[in-house]
Amino acid sequence: MALFFSTGPDMQQLLLTIDKISTFVGQAFSWLIVALTFLISWEVFSRYALDKPHAWAFDVMIIMYGSLFMMAGAYTLSKAGHVRGDVLYGFFEPRTQATIDLTLYILFFIPGVFALTWAGYDFAAESLAMRETSTITAEGPPIYPFKMIIPLAGLFLLVQGIVEIIRCVICIKQGHWPSRQADVEEVDVDKLKEMVHVGDDDIAKLDQFVAQQGGTK
């Protein structure tokens, strides 16, 4: 209990360690995007060029996308990347932000994710017991491995949610948000211009040149 309310370096290291685990899991499952791209491309080619569609392809696409979506939840939460109403929230002081977040986590997030994990375990256990297969299409693939991801994703999300609650408590006590693990950031256009030594005048001249070339065709 004392560790829970600690604001020292040991607590910060623990929070960052859990962030790294959530990041690793999210990035590992992100490779499903590549697999899904290849599968869709191959299925389109097989269906229209070879006239050999696969009945199981649609089910597998749904399974892969659903697995990616669920297992990326904790990763997104660790980066504070979920959708938020920043119109007013961004103007609040950190302590006010943390108080709002803490209230919402306790009232909505924890009960909802706990219910997801609990119900997901029942769904997965039942599906595993009957070796459930998809009935959406003919020759449907087994879907009990997919349903087993539901409680697993809920567990990761629940642990990361507890981390965010601790961050809220620390922020309320210290007055500022504790640091997070660095990750991919959006492109800073101005910084990119400096790196490649391109100014606004250069871009304007290029736009004018492209317009002139288009007009001569």
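The values are calculated or read from the model by the stated rules, or taken from the named source; none is laboratory data. Quantities reported herein were computed from a predicted structural model and do not represent experimental measurements. We place every Cβ from the backbone using ideal geometry, glycine too, and count neighbours over all the protein chains shown.
Looking across LYS147, LYS173, LYS191, one residue alone is charged (D, E, K, R), modelled with pLDDT under 95 and within 26 Å of GLU93 (Cα to Cα). It is LYS173. Identify the residue in region 123-135 that is outside any loop (DSSP other than H, G, I, E, B) and touching a residue at least 24 places away in the same chain (Cβ under 8 Å) and, among all such residues, is surrounded by the most Cβ atoms within 10 Å (Cβ to Cβ). Selected residue: ALA124.
What are the residues in region 66-105 that are assigned to a loop (DSSP other than H, G, I, E, B), exposed (fewer than 12 other Cβ atoms within 10 Å of the Cβ) and over 9 Å from the mean Cα position of the chain (by Cα), if any? Selection gives VAL83, ARG84, GLY85, GLY90, PHE91, GLU93.
Residues are listed down the side, and each one gets a yes or a no for (1) among the aliphatic types (A, V, I, L, M); (2) in contact with a strand residue (DSSP E or B) (Cβ under 7 Å, 6 or more places away or on another chain); (3) in contact (Cβ under 8 Å) with a residue 40 or more places away in the chain:
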site	(1), (2), (3)
ALA80	yes, no, yes
PHE92	no, no, no
ARG95	no, no, yes
LEU104	yes, no, no
PRO111	no, no, no
ALA115	yes, no, no
TYR121	no, no, no
THR137	no, no, yes
TYR144	no, no, no
